[in-house]
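All of the numbers you see were taken from the coordinates with simple rules; none came from a lab. If you're wondering where the values come from, they're calculated on a predicted model, not measured in any experiment. Ideal geometry is used to build each Cβ from the backbone, glycine not excepted, and the neighbour counts take in all protein chains shown.
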Amino acid sequence: MHRLARLDHRFVWHPFTQMRDWLKGEPTVIVSGQGALLRDIQGKEYLDANASIWTNLHGHNHPKLNAALQRQMKKIAHSSALGLANEPASLLAAKLVEVANLGIYDIRFTIDATTGQSRRQSSIVNRQLTKVFYSDDGATAMEVALKLAYEYARRTRGIRRPKFLSLQGAYHGDTMGAVSLGHIDLFHKAYAGLTFKTDTVMAPYCYRCPFNRAGPERADARDYRSCQWECVDQVERQFDKQSKRGSPYAAMVVEPLIQGAAGMIPQPAGWLRRVAEIARGHGTQLIADEVMTGFGRTGHARPVSAIGAEKTRKREDGKLQPSRPPVSSSARVRSSLFACHLEGVQPDFLALAKGMTGGYIPMAATLTTQPVFDAFLGEYSEFKTFFHGHSFTGNQLGAAAALASIGLLEDKAAIRRREGLERTLGTLLPSLWSSPSVGDIRQVGLIAGIELVQDWRMRKPFALKDRVGARVCEAMARRGVLTRPIGDVVVLMPPYCTTDEQAEKMVEALREAVREVVG
Ligand SMILES: *Cc1c(COP(=O)(O)O)cnc(C)c1O
């Protein structure tokens, strides 16, 4: 075994890893990377098919990011944000505020209850994210949002013990506040004694939804589902229940468009939009966890289908009556780097991390609105200060990398390349349907989750202890493609620089690995 691998075995404890299993094999020691490729100590090359756990955007060793870091390094690597401002952190905050408010249009169709005809109104969404609080990673970005929303609810709405609502299967990080918002028993249950209680509500999971009456098909379950949007009803009911208790939720927390660690579970178009409206209707703030989805991961704007129209039912007197208040049914954005904008939703808190620095440096940001900021203003002696911070808040190297990364994201040719890769994945992934063990293929932009099952006709899962997903990923690694599963969902989340040939190799390795492991 290589000396570095031996040192790892002796001294390193790896995250989310059963170390007894880890110690049985020789670890892959990465020494360099180039674009979508990683190279290990033996010189073997691998495709980085999950973008180094969802962080890398433009590929490894990118000349522009490297240059930006080198330029910054010649000036200074870090000085404290406690009591001091700095150059790249100021520039980045301005840039984040710019891209987080870009071109969000709100086009609403309201349905007239008597005639059943729809009317179009459009306006620019004016809820602005104007302030940036820096931290180090996704979990801390969420802790900041949580604490700010909590205090805001206490100070401005007089709620004594503000409560939070988050989604079934939610994952928001591993610090205790983030764990309290999370609902993955395997990760979170053991620490229940350390956390505070949050409410949970049904999240859409069309493939395994108890309300979906459609039998399995060889297609994304969102496209053939047959339901009455019961998942939205559940949210509505949960809010009503909480309001009757006399204490509305301080905030609702969502991963917009797709829940990551829950198993790459996408929301049907229109869900986010409608749920945001329900939350707003109850005066509840919205925390969007875009730690995974942010910075172009979820691809491009597309029209949102009409929930309102689908829910329209005939009244006894023959007139059409929407089963819920007239709701918006369409939202468009010109383009946006953020998932919630693709549904025309602007949250009160936007948590960013993973891809923010292009996946180079741990850095995070929580963006929020002027009213939240203002709630913390006062005379010093009023102690309204937000007493929270981290040693590396506003780190210069991170900020320099993030600025360069956003520059790359805005490059016209790079945008076309991203669109191209999204389309390429869209044409390659359906080839996986040929395997009877592929139950669902879920693609949202440049994220894909492939759910493996014993038999697609029954949607019957494998036993967790059989580690089918993990074994498929091990078989992919032998074919030079690295990714990690979530249970039996295999994730493909390539860096944006991935070529069509490399994307093809990723999908082919997955197809062959599935055949090898489950026949
Ligand atoms: C990864 C992730 C987090 C936690 O981020 P860390 O940087 O690992 O702390 C939070 N939310 C979502 C949606 C994530 O994917």
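Tabulated results
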item: Cα-based reach from residue 412 at 19 Å (exclusive), listing aspartates and glutamates while leaving out same-chain residues under 8 positions away; result: 98, 422, 500
item: Share antiparallel - DSSP beta bridges, the chain, percent rounded to 5; result: 75 percent
item: Diffusion coefficient, µm² s⁻¹, Stokes-Einstein with Kirkwood Rh over alpha-carbon pairs of the stretch 168-225 at 20 °C and 1.002 mPa s; result: 163 µm²/s
item: Stokes-Einstein D for the chain, Kirkwood Rh over Cα pairs, 25 °C, 0.890 mPa s (µm²/s); result: 102 µm²/s
item: More than 16 Å apart - percent of Cα-Cα pairs taken over the stretch 213-291; result: 58 percent
item: For the stretch 348-354, Karplus couplings with θ = phi - 60° (6.51, -1.76, 1.60), whole Hz, Gly/Pro x; result: 8, 9, 10, 9, 10, 7, 3
item: Kirkwood Rh, Cα atoms: Rg over Rh of the stretch 1-88; result: 1.08
item: Mean residue ellipticity (222 nm) of the chain, computed from DSSP H runs ≥ 4 via -39,500 (n - 2.57), nearest 500; result: -10000 deg cm²/dmol
item: Separation of alpha-carbon centers, the stretch 127-181 and the stretch 1-44, rounded to whole Å; result: 35 Å
item: For the stretch 337-421, size of Cβ-based charge dipole, Lys and Arg +1, Asp and Glu -1, in debye; result: 480 debye
item: Interchain or long-range residues, amide H under 5 Å from residue 486's placed H; result: 491
item: Largest-first principal axis extents, alpha carbons of the stretch 387-519, Å; result: 50, 40, 27
item: Violating pairs (Cα-Cα greater than 30 angstrom) within the set 189/354; 44/64; 95/189; 131/241; 95/147; result: 95/189; 131/241
item: ³J(HN,Hα), Karplus 6.51/-1.76/1.60, whole Hz, each residue of the stretch 359-373, x for Gly, Pro; result: x, 8, 9, x, 7, 9, 8, 10, 9, 8, 9, 4, x, 5, 4
item: Inter-part distance where the stretch 464-519 and the stretch 197-269 are each reduced to a Cα centre, Å; result: 28 Å
item: Those trypsin sites (Lys or Arg not before Pro) in the stretch 1-70 that DSSP places in a loop and that have at most 14 other beta carbons within 10 Å; result: 24, 44
